[in-house]
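Worksheet: one structure, shown below.
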2 protein chains.
Amino acid sequence: MRRKVTLKQIAKELDVSISTVSKSLRDSPEISEDTRQKVQAFAKLYNYKPNLIALSLKNKKTKTIGIIIPEIVHHFFATVISGIEHVANEHGYNVIVTLSDESFDKEVINMEMLANGTIDGFIMSLSKETQHKKDFHHITEVMNQGMPVVMFDRVTNDVLCDKVIIDDNLAAYEAVQTLIDKGFRKIALITTVDYVSVGKLRTDGYVKALKTNSIEVNPNLILKIEDIDLCDLQIEELLDNNEVDAVFAVNELFAVTAIKAAKKLGRNVPEEISVIGFTDGIISKYSSPSITTVSQNGIKMGGKAAKMLIERLESEEEEEEHYKTEVIETHLVIRESTPTL
Amino acid sequence: MRRKVTLKQIAKELDVSISTVSKSLRDSPEISEDTRQKVQAFAKLYNYKPNLIALSLKNKKTKTIGIIIPEIVHHFFATVISGIEHVANEHGYNVIVTLSDESFDKEVINMEMLANGTIDGFIMSLSKETQHKKDFHHITEVMNQGMPVVMFDRVTNDVLCDKVIIDDNLAAYEAVQTLIDKGFRKIALITTVDYVSVGKLRTDGYVKALKTNSIEVNPNLILKIEDIDLCDLQIEELLDNNEVDAVFAVNELFAVTAIKAAKKLGRNVPEEISVIGFTDGIISKYSSPSITTVSQNGIKMGGKAAKMLIERLESEEEEEEHYKTEVIETHLVIRESTPTL
DNA sequence: TTTCAACACGAAAACGTTTTCGGTAGGTCG
DNA sequence: CGACCTACCGAAAACGTTTTCGTGTTGAAA
């Protein structure tokens, strides 16, 4: 077993000083051509690679980005990570991923765990519980220590930092408007409880679209789902007890579940009920009928977040206090769950 | 902005030595009750947390696990990461995730990037290109430096290390046997090219099941897909040109695509064609008809891999050369794409 | 021959910890 | 009163780098 070789060992072996070795490897002009070549040859032979931990300690930079997300077995979050990882990699950064499991405590613990030197900055999306409690002290704390934070998707106005979002309100508005344009009036909404920021915004967009078109907002057609495990029954009940000609769902799961419920009730999609979902993931693409949906480009979102974070990390001047919020554009992907004309 | 406080600063402030501060915080009996309390109070006030990078350098342990996978926007790999992350977290480890994008070069680069002190060990699944090239020098190299590696799912016999797999051969065999038991004889196989290890094993299982039941293996019914983007056409062609009463697909995507193709050709699933897939992911669950599939528990697989790696990391004795291969059990999840009786 | 620059290299500090080894003060015992 | 023990604390090394500064040698110019 050939352990990793250090500068000290090379120095000893070649009977020169550590500084000479270091300088030789960095092509310093202080070192004579002779010794430089000698050292470099030796280093190559023994496959010397500088120890990154030592460098991190010295430079006070780890070239590592910490990610905190609610879950990873989730198409959208996976695409975001993918986007972050690729941009990070291009800039020589690694990403360390932690999961909050939608729990406030885990979010705090993970944050503190990473904040002690392991990473240079955070990219995160808030857990449901955090959004519910509205407790962001852990975030402001690390920011106070000079560690930049970029939030994406599930953000909050209570923390000043860089953010990457989509215009959830507008996207929902446009999706519902599309349904209205096709002549539907009895449009149901399947959404989350209000403390989930994006759920609330999409709900607002739905309401706005109806109001703009002078359609009465019927509370019976709005279903706010708390517990995902029960969503199939609730959705079925919604469709069974109400005349509904279209459904707008704030995520893929609700959309596909609505389709399943409609089928069960003997209502064809899209002939009798149209469905539009949110987030262009695997389900929308491969369910049958495939689902018309608001595409939310996670790759782009993650990439943008990584870019913003890295720019802030590498701008020497600590130009605080003019944080940006980037809005990623969305568009409607038309598929089989809505009528073509 | 309150920067992070160090031992040195506390020492200076309290006019004691660094060692005294360190010992006080670790409740060393060498320190008097008085100073210990004083130091601890001060540390708490200023929210002192030891710098993990410094500790890593000193201890030569980073408490971080490196993961290298082909892609992350993939249900199975996401579940594996989830499994790893949770077990790792329980043991005080972080995970750093890198993606090879199925590229040999990226796999090598990522590995070398992490091998220089950033992590204590690897958990990885081979990229397609690596499996094709059969070049594993990057892996043996880090292992030679004393860094443990655990492989999962896409493994190779050419490297001796801990592994976590499912019995792909047996699982495929049992799935096909199930189809045979239901009376099907014209069973098509949709698989990957042979250099993908799991694809090959599943193909072998298919063949074995047919042979065991004295059913002739018809090459026309075996489709090996190289380019995923073209799989829909190829599958459609397969079903169109052959009498097929059942399909066994080695992943979800092929399974759902087969169902779509069957529908397009006017053949009902499961009435006219049965389909069994592999990997119990989102697609299988939510497509309609939902897909009968071989469940491959990624959470368990990741958890097991993490456990094996951590055990090896924390066993003082470097008990090399008796590597284990753990086999995670699979089972068939019966859904709508196969007839009930 | 003296002086001074250029050249080549080494010593040491710094990053933040932990830990070993001494050392000093006070007290106890003979 | 001297020897020794105990309680308490500090100096320093170590982990592996980079970098600043100092130093010695050489050659050429004066």
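The table below lists the values:
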{"read-out": "Whole-percent carbon and sulfur share, accessible surface of region A:7-50, 1.4 Å", "value": "49 percent"}
{"read-out": "Average partner coverage of A:278-285, which counts Cβ from other chains inside 10 Å", "value": "3"}
{"read-out": "Listed peptides A:24-33, A:37-46 by packing density, highest first (mean Cβ within 10 Å)", "value": "A:37-46, A:24-33"}
{"read-out": "Protection proxy ranking of B:265-278, A:269-282 - average other beta-carbon atoms within 10 Å, highest first", "value": "A:269-282, B:265-278"}
{"read-out": "Accessible area in square angstrom per residue, region B:168-296, 1.4 angstrom probe", "value": "39 Å²"}
{"read-out": "Listing of region A:45-91 residues, each with accessible area lower by at least 30 Å² in the full protein assembly than in the chain alone (probe 1.4 Å)", "value": "A:ASN47, A:LYS49, A:LEU52, A:ILE53, A:LEU57, A:ILE72, A:VAL73, A:ALA78, A:GLU85, A:HIS86, A:ASN89"}
{"read-out": "Average projected area [Cα convex hull, region A:7-50], square nanometres", "value": "2.6 nm²"}
{"read-out": "Residues of type lysines that A:LYS8 reaches as a straight line, Cα spacing below 21 Å, ignoring anything fewer than 8 places off in the same chain", "value": "A:LYS23, A:LYS38, A:LYS44, A:LYS49, A:LYS58, B:LYS58, B:LYS60, B:LYS61"}
{"read-out": "B versus A: buried accessible surface, summed, Å² (probe 1.4 Å, to nearest 100)", "value": "5000 Å²"}
{"read-out": "Carbon plus sulfur fraction of accessible area for region B:168-296, probe 1.4 Å, in percent", "value": "48 percent"}
{"read-out": "Cβ-vector label at 7 Å, B:ILE215, separations to other copies in nm", "value": "5.0"}
{"read-out": "Rounded to the nearest 20 debye, dipole of region B:168-296 from Cβ charges on Lys, Arg, Asp, Glu", "value": "280 debye"}
{"read-out": "Ranked packing of A:6-18, A:69-81, most packed first, by mean Cβ within 10 Å", "value": "A:69-81, A:6-18"}
{"read-out": "Proximal lysines to A:LYS264, defined as alpha-carbon separation beneath 23 angstrom and excluding residues fewer than eight positions away on the same chain", "value": "A:LYS186, A:LYS224, A:LYS285, B:LYS260, B:LYS263, B:LYS264, B:LYS285"}
{"read-out": "Overall form of the protein assembly as shown per C-alpha gyration tensor (a/c, 1.5; a/b vs b/c)", "value": "oblate"}
{"read-out": "Most fluctuating residue given options A:ASN220, A:ASN51, A:ASN116, as computed from a GNM of chain A linking Cα atoms under 10 Å", "value": "A:ASN51"}
{"read-out": "Three-way shape call for region B:168-296 based on the alpha-carbon gyration tensor, with the a/c threshold at 1.5", "value": "rounded"}
{"read-out": "Computed lengthening from A:GLN37 to A:LYS49, 0.36 nm per intervening residue step minus Cα-Cα distance", "value": "2.7 nm"}
{"read-out": "Residue-span extension gain [B:SER28 to B:LYS263] - 0.36 nm each, minus C-alpha spacing", "value": "77.3 nm"}
{"read-out": "Mean separation of Cα contacts under 8 Å (6+ apart) over length of region A:7-50, as relative contact order %", "value": "31 percent"}
{"read-out": "Within 10 Å of each Cβ in B:173-182, the average number of Cβ atoms from other chains", "value": "0"}
{"read-out": "Distances in nm from B:GLU237 to the matching label points in the other copies, shortest first (labels 7 Å along Cα to Cβ)", "value": "5.2"}
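The values are calculated or read from the model by the stated rules, or taken from the named source; none is laboratory data. Owing to the predicted nature of the structure, the values given are computational and were not obtained by experimental measurement. Quick reminder, even Gly has a Cβ in these numbers, built from the backbone with ideal geometry, and neighbours come from all protein chains shown. Surface areas here come from the heavy atoms of the whole protein model, side chains and all, with no ligands, DNA or RNA. Shrake-Rupley method; radii C 1.70, N 1.55, O 1.52, S 1.80 Å.
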